[in-house]
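The values are calculated or read from the model by the stated rules, or taken from the named source; none is laboratory data. Computed from a predicted structure; not experimentally measured. Glycine gets a Cβ as well: all are built from the backbone with ideal geometry, and neighbour counts include every protein chain shown. These accessible areas exclude ligands, DNA and RNA; they are computed on the full protein's heavy atoms, side chains included. Shrake-Rupley method; radii C 1.70, N 1.55, O 1.52, S 1.80 Å.
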Amino acid sequence: MTTVQERETIAIQFAEKMNEDELLNCMRCGFCLPHCPTYIESGLKESHSPRGRIALMKAVADGVIEPDRDVERSLSLCLGCRACEPVCPSGVKYGHLLEEARDIIHQNKKHSFPVKTIRKAVFNGLFPHQERMQTMTSLLGFYQKSGLQYMARKTGVLNMLPDNLAAMEKVLPKVPKKSEMKNRPTELPAIGTPLKKVAFFSGCLMDTMFLETNKATLKLLQLAGCEIVIPKSQACCGALHGHSGEKAGAKQLAKRNIEAFETEEVDYIITNAGGCGAFLIDYDHLLQDEPEWHDRAISFKNKLKDISQILVDLRFQEKVRLKLPAQSVTFQDSCHLRNVMNTSSAPRILLQSIEGIDFREMKDADRCCGSAGIYNIVESEMSMNILDSKMEHTKSTQADIVVTANPGCLMQMQLGIERENLGECTKAVHIADLLIKAVAL
């Protein structure tokens, strides 16, 4: 709980730092309400809607209310899915307001020693250092392959964890060897006639826990006619920092990535994780107060494309025969891919082009699955409520495969399948992994 002095400091910084024009831009029309998962799942509680949260931010900035526990709770409970933005007639950049407000609160609040230690370890000690991410992932691999995982499950040790964490342990991907993670290519040729030269944003988790998906993505790009460079000096996108009130750390990572990619003469920068792509494309906003970086950030963002979009743009689905055994497939949108990167039709075009696929559109496929980075850990109750709703729509499709375009969404949907005991009939996969299997036949 914040002290009086902390609340006073937070209120002053709200008045100084929050974008007054953007706060006033909200017309309180309510178009955002039916698109907000936390508003719906909280029983239509106004303070858990985008409109209500903006009103709270404005009230704190104006000195009308204090930034008390209720205000912080409202902002913390937001998924940051940004589903409110595409439907807002005023074009309010809600995500930018949310991240600024969270940063002000977290930078001026005294965390307990355990919380402070964990945040420092994660935000400063782990994610900015890819070699440490590789080491951490290899430890997970040791747990999976050494017999420890078998023992933990057999003895019931995992039952001591909260239900969602115990279930999450069961859906962790099989991680690669450390040698595989370390020996990554820096250049790959196009297969066939070169059409474009692209740089690949490999990510931190994507190039460790989800290495096979990155390999599939690179092969798809080659087949589409792309020469590929993978800058070794690139870093984590900074999304986890930016969404968790660690703006300074996010800026440092953004600058590292801009420097890493701007020396490469490429047509596009390709991502295969919706959450990463959405944060990367907002680097110009993140660095708006630093003129020497802002223009460089704009040049960076103008080259960004999701893997599905570049494949469609290069007419990959028309040039390469895609075929799988007969099966039904549905697609769960990555919130950030759809709402921030404006990519929703490309994945569907690719899936519908696979011979043998019966594509079934999911009801409310654009609604958040409840993953939202580490939200499903820190806000497990709301996350699981949202996931339960999502699984009802998933089951109604009777699809054999649920396809996603983001690692967090993938694990969340796998978690939902585990919770619903659907593992015998339903699987969740990343779109790149499904496409490469379709090419292989």
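What the table below lists for this structure:
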quantity	calculated
Gain on full stretching of the segment that runs from E180 to T263 - 0.36 nm per residue minus C-alpha separation	27.2 nm
Net charge contributed by nearby residues that have their C-beta within less than 11 Å of S76 (K/R +1, D/E -1)	+1
Tilt relative to the chain, helix 291-301 - C-alpha long axis, 0 to 90 degrees, to 10	40 degrees
FRET efficiency, 1/(1 + (r/R0)^6) with R0 51 Å, evaluated for D358 and R132 via beta carbons	0.70
Efficiency of FRET between Q5 and L148 - r from beta-carbon atoms, R0 45 angstrom, step 0.05	0.45
Rel. contact order, % - alpha carbon contacts under 8 angstrom, at least six apart, the range 320-441	33 percent
Over 25 Å between alpha carbons, listed pairs K93/K255; K301/K390; K45/K395	K301/K390; K45/K395
Residue (of H35, A55, I65) at the positive-pole extreme of the range 15-66, dipole from beta-carbon charges	H35
Cross-link partners of K116 among lysines (Cα-Cα below 18 Å; sequence separation of 8 or more within a chain)	K247
Per residue value of the accessible surface for the chain (all protein chains in place, 1.4 Å probe), Å²	45 Å²
The chain, helix-only ellipticity at 222 nm - DSSP H runs n ≥ 4, -39,500 (n - 2.57), divided by all residues, nearest 500	-14500 deg cm²/dmol
Theoretical FRET efficiency, 1/(1+(r/R0)^6), r = Cβ-Cβ of I12 and S90, R0 35 Å, to 0.05	0.80
For the chain, cysteines whose Cβ has no other cysteine Cβ within reach (under 4.7 Å)	C26, C29, C36, C78, C88, C226, C369, C409, C425
Length-normalised contact order for the range 167-236 - Cα pairs under 8 Å, 6+ apart - percent	45 percent
Percentage relative contact order, the range 369-441, counting C-alpha pairs under 8 Å, at least six apart	31 percent
Percent accessible area from carbon and sulfur atoms, the chain, protein chains only, probe 1.4 Å	53 percent
Set of aspartates and glutamates with alpha-carbon distance to K177 below 14 Å, sequence-local pairs under 8 removed	E131, D207, E212
Area accessible to solvent at D289, 1.4 Å probe radius, in Å²	120 Å²
Separation of the L161 and E392 label points, Cα + 7 Å toward Cβ, nm	2.8 nm
Anisotropy class of the range 197-319 from Cα gyration tensor, a/c 1.5 cut	prolate
